[in-house]
Amino acid sequence: KPASYGGSNPSISPDGKRIALVIVNGANQDIWVYDPQRDAITRLTFDGINNASVWSPDGQYIVYAKIGEGIWQARADGASPPQALIGSKTIAVPWSFAPDGKRLAYHEGAGNSQIWTVPLEDQGGVLKAGKPEQFLKSNFDDTRPSFSPDGHWLAYMSNESGKNEVYVRAFPPPSSG
């Protein structure tokens, strides 16, 4: 049965050898991992509308947006079923890992998205999330948070000026008070 390859963000693994992509089949959008060297494809999700996949720096995990449920995780090798990572009733979109893999940046909301980061810990083949922390409180649409290679900066897109522009702030942000 034909399916379409799509999604807004095909994602290349950190070693450059695999690609996470979304395949749309009927009402479902599922995440698959393609290995061109082996010409093999592995299905990671089996339900719902899944999108915006991001690889962990070690290439072991893929985190993704599960629309209406939050951010989920899957082992990149498909060895275990996907699991919830961060719950959300709105839209939560993972965007980047800190270089050490110990923190995830994401944006949440629709129309007035806000940027959050969450500490992560690998506990025997499963990522466990700590308490999410809001990176910046604003009345603007702040999205696409990306850690710098050294993990000390966070670049993001905001419509603060009236149009979408890229901003960069120190990470972690200076404490207020």
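The values are calculated or read from the model by the stated rules, or taken from the named source; none is laboratory data. Note that the structure is a prediction, hence the values are computed from the model and not measured. Cβ coordinates were reconstructed from backbone atoms using ideal geometry, including for glycine residues, and neighbour counts include every protein chain displayed. Accessible surface is based on the protein model in full, side chains and every heavy atom, while ligands, DNA and RNA are left aside. Shrake-Rupley method; radii C 1.70, N 1.55, O 1.52, S 1.80 Å.
Restricted to segment 10-126, the set of strands (runs of 3 or more DSSP E) holding at least 1 residues that are at positive phi, without any contact (Cβ under 8 Å) to a residue 60 or more places away in the chain and within 16 Å of the chain's Cα centre (by Cα) comprises 50-55, 70-75. When segment 70-94 is filtered for residues that are out of contact with any Asp or Glu (no Cβ under 9 Å at 6 or more places or on another chain), open to solvent by less than 10 Å² (accessible area, probe 1.4 Å) and small (Gly, Ala, Ser), the ones remaining, listed by number, are 74, 76.
Scanning segment 42-65 for residues that are modelled with pLDDT of 90 or more and more than 20 Å from residue 16 (Cβ to Cβ) turns up 43, 45, 65. Whether any residue in segment 47-69 is open to solvent by 70 Å² or more (accessible area, probe 1.4 Å) and closer than 16 Å to residue 132 by Cα is what I want to check. Yes, the conditions are met somewhere in segment 47-69. When the residues of segment 23-34 are filtered to those that are of a type in the set (A, V, I, L, M) and modelled with pLDDT under 90, the one that is most open to solvent (accessible area, probe 1.4 Å) is 27.
Selection of segment 95-150 for residues being open to solvent by 70 Å² or more (accessible area, probe 1.4 Å), acidic (Asp, Glu) and in contact with a Ser or Thr (Cβ under 7 Å, 6 or more places away or on another chain) yields only 133.
Answer yes if at least one residue in segment 96-103 is in contact with a Lys or Arg (Cβ under 9 Å, 6 or more places away or on another chain), acidic (Asp, Glu) and closer than 24 Å to residue 21 by Cα, and no otherwise. Don't jump to the end; show me each part of the working.
Quick first cut of segment 96-103, residues in contact with a Lys or Arg (Cβ under 9 Å, 6 or more places away or on another chain) only: 96-97.
Restricting the remaining residues to those that are acidic (Asp, Glu) gives none.
No, segment 96-103 contains no residue that is in contact with a Lys or Arg (Cβ under 9 Å, 6 or more places away or on another chain), acidic (Asp, Glu) and closer than 24 Å to residue 21 by Cα.
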